[in-house]
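To keep things clear, I will list the structure first and then write my remarks on it.
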Amino acid sequence: MTVAHLYPGELNIYADRGNIAVLERRAAWRGIAIDYKTVGLGERVPADADLLYVGGGQDREQALVTPDLGRKGPELAAAVDGGVALLAVCGGYQLLGRSYRERSGAELPGVGLFPLATIAGERRMIGDILLECELDPGVRRTLAGFENHAGRTFLDAGATPLGRVVHGFGNNGGDGFEGCRLARALGTYLHGPLLPRNPWLADWLLAQALAHSSGGEPPELPPLSDDLEAAAHEVAAGRARSRGGRF
Ligand code: GLN
């Protein structure tokens, strides 16, 4: 399976390499080798990618990658359309939408993969966050993470969020949605060690990527003993719950 990590040198502030490490390790424990490729400024998105990853960054780094990302837009859209899995976090998530307007009023054009737009507000939305997700019909699971963003993201009518906010701010602190889902592509504000404390999401992404590489259905991955991961999830979820309200 091939994992392509976009802009690891620029969008990398939120344990983004750690998310890759989790994917590699959980695949290796199942005897699956990951061919890890990085995609920098001016480099093409590998045609054999099964899973794309875009990390988080501040406004400055976002502005730095925006022109290059614009050129990669059609390749990214074609990849997702063809069933490639994708995870975009925070700054990367914003830039995969249509646009991000900074506090200064400057507008960064996004690639328009996700049907959403983002506008920076005055107050940063910071803290532990808990979501309820249903990525597979009838299977409800929680995601625990940490958010830190000035951007307020608004999904277009009919767009699918990644989950519903149980505690925290989410996309904009108002509508109770968090993230966005489009086929096998997920965008989210949840960072910090997202995949280490939400191993089910790592496995979901791996299964989607395997489905792309085989051309079949997402396989059922052999379970792992996730005691430490479950404990980490519980600590993070407990911190989010202690915020005591949705917003
Ligand atoms: N500049 C964005 C924001 O603060 C990026 C978020 C991030 O990656 N911290 O909204």
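Here are some notes:
- Normalised contact order of segment 42-198, rounded percent, pairs of Cα under 8 Å and 6 or more residues apart: 21
- Solvent-accessible area of the chain (1.4 angstrom probe, protein heavy atoms only): carbon and sulfur portion equals 53 percent.
- Estimated vicinal HN-Hα couplings, Hz - segment 136-147 in sequence order (Karplus 6.51, -1.76, 1.60; Gly, Pro = x): 10, x, x, 10, 9, 9, 9, 10, 10, x, 10, 10
- Qualifying GluC sites (Glu not before Pro) for segment 174-229 [loop in DSSP, other Cβ within 10 Å: at most 11]: E220
- Distant-in-sequence amide H partners of F114 (H built 1.01 Å from N, under 5 Å): G97
- Loop-resident sites, segment 9-69, for chymotrypsin sites (Phe, Trp or Tyr not before Pro), counting at most 16 other Cβ within 10 Å (DSSP): W29
- Residue among A33, A88, A63 with the largest mean-square fluctuation in a Gaussian network model of the chain, springs linking Cα atoms under 10 Å: A33
- Globularity ratio of the chain, using Cα Rg and 2.2 N^0.38 Å: 0.94
- Projecting the Cα atoms of V39, P74, V3 onto the dipole axis of segment 1-92, where Lys and Arg carry +1 and Asp and Glu carry -1 at the beta carbon, places V3 farthest toward the positive end.
- Using a cutoff of 8 angstrom between alpha carbon atoms and counting only pairs six or more residues apart, the relative contact order for segment 121-160 works out to 44 percent.
- V235 accessible area, assembled protein chains, probe 1.4 Å, Å²: 90
- Its residues counted as N, segment 1-56 yields a C-alpha radius of gyration over 2.2 N^0.38 Å of 1.10.
- The chain - accessible surface per residue (Å², probe 1.4 Å): 41
The values are calculated or read from the model by the stated rules, or taken from the named source; none is laboratory data. It should be emphasised that the depicted structure is a prediction, and the values quoted were computed from it without experimental measurement. Every residue, glycine as well, gets a Cβ built from its backbone with ideal geometry; the counts of neighbours run over all protein chains shown. Note: areas computed on protein heavy atoms with side chains; ligands, DNA, RNA excluded. Shrake-Rupley method; radii C 1.70, N 1.55, O 1.52, S 1.80 Å.
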